[in-house]
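What follows is a short report on a single structure.
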Amino acid sequence: MNLIDLRTLKHFVCVAENESISRAAQLLHISASPLSRTILNLEERIGFALFDRVGRSLRLNNAGRELLLNARQLLLGNERLMLDLQRRAGGTGGTVVIGHMPGALYNGIIPDTAKSVQAAHPAIRFQFESALESLQLEELRRGRFDFAVQTQELTDPALASAVYSSEPYVLLMPRDHPLVKVPEISVGQLRDVEWVVTPERSGPSLRARFMLACNRLGFEPRVACVAGDIMSALALVSSGFGLCAAQESLVQFSGGNIVVRDLPLLEMRTDYRIVWRPDALSPAATRFLDALLGRPA
């Protein structure tokens, strides 16, 4: 049996709901004769009657009522599909997938931007996936991510990027640490204290940036312990293991046992870049990018 086209189903639903060929023809703005043939051809194709005919009156039989239920669901699903496609084409619907390292969301810029876009266009959805920077770029090139967040400049001419945030680092200390009461911390004091650091990783990392900043000041930091990630490092600082350099947005998670100080000596700062493929941006992704970079919609 060939598939039933949506136009035939729409005509059947109208006849079934009105139980009248003439009334349905008026609503559909067509002649009654071709509409009657459409219903007869439909019954011939499926092999059974959909209506009980008494004179000129039509009454849905059990088979007709079952088809009416299924046809309504199919037509409604088609309407939803077309609406979704229209929203995607107009940039008011669809899903935007953003790859990021965990720390990129702590300052709230990307989440707040996504929330504002979604508030204006509720049919737009956002999906956030945590991944290393190199893996983000792989998924971006494959087309699975709409955006990646990076902390290094790019050399791939197929990708575009823009800095959307530049964040300084601060010094986190246990509340009972001796340096808490020191008005101005010197390089010598930074050299003598113990530090909590994150693991060594290939490519750019907090550990690499911290070690480079210390080396510029002429000392090798004394590592008390290595935390699995920056959030674990906060817990270790809170327990008194040592000091830690962390991005400013982490202060919100520091808790009462940690004292936060500026860290001008180390001059650590991270530039966050949003990265995308110019040839693959959906209208919804473009809307998010414009909002993030402050460009007029």
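The values are calculated or read from the model by the stated rules, or taken from the named source; none is laboratory data. Small disclaimer: the values here were computed from a predicted structure and weren't measured. Because the Cβ atoms are built from the backbone with ideal geometry, glycine has one as well, and the counts that use them run over all protein chains shown. The protein model used for the area step is the full one, side chains on, heavy atoms only, and it has no ligands, DNA or RNA in it. Shrake-Rupley method; radii C 1.70, N 1.55, O 1.52, S 1.80 Å.
Brief remarks on what is shown
- Considering only Ser186, Phe147, Ser161, and ranking their Cα positions along the charge dipole of the stretch 87-200 that arises from unit charges at the beta-carbon of Lys, Arg, Asp and Glu, the one farthest toward the positive end is Phe147.
- To the nearest ten degrees, helix 62-90 and the longest principal axis of the Cα atoms of the chain are 40 degrees apart.
- Computed FRET value (nearest 0.05) for Asp176 with Ser130, which takes r as the C-beta separation and R₀ as 30 Å: 0.35
- Intensity falloff of the chain expressed as log10 I(q)/I(0), Debye formula with alpha-carbon point scatterers, at q = 0.08, 0.09, 0.10, 0.15 Å⁻¹: -0.57, -0.64, -0.70, -1.08
- Cβ-defined net charge surrounding Thr151, 11 Å radius [Lys, Arg +1; Asp, Glu -1]: -1
- Based on protein heavy atoms only, the stretch 1-68 ends up with 64 Å² per residue of surface accessible to a 1.4 Å probe.
- Base-10 log of normalised Debye intensity for the stretch 94-238 (one unit scatterer per alpha-carbon) at q = 0.09 Å⁻¹: -0.39
- Per residue value of the accessible surface for the stretch 156-297 (all protein chains in place, 1.4 Å probe), Å²: 49
- Apolar share of the accessible surface for the chain: 52 percent from carbon plus sulfur atoms, 1.4 Å probe.
- Here the gap between Ser238 and Arg191, fully extended at 0.36 nm per residue and compared with their Cα-Cα distance, gives a gain of 14.9 nm.
- Exposed-site-free run, longest, the chain (rule: trypsin sites (Lys or Arg not before Pro); DSSP loop; at most 14 other C-beta within 10 Å): 202-297
- In this structure, Lys10 and Ala160 have a Cβ-Cβ separation that, at R0 = 35 Å, corresponds to a calculated FRET efficiency of about 0.20.
- Relative to the longest principal axis of the Cα atoms of the chain, helix 109-120 runs at roughly 20 degrees.
- Using alpha-carbon coordinates, inclination of helix 6-18 to the longest axis of the chain, degrees: 60
- Cα gyration tensor shape for the stretch 176-244, rounded if a/c is under 1.5, else prolate or oblate: oblate
- Normalised by 2.2 N^0.38 Å, with N the number of residues, the alpha-carbon radius of gyration of the stretch 1-130 equals 1.66.
- Each 10 Å bin from zero holds the following percent of Cα-Cα pairs in the stretch 171-285: 13, 43, 27, 9, 7, 1.
- Length added when fully stretched, Ser22-Asp262, from 0.36 nm per residue minus Cα-Cα: 78.3 nm
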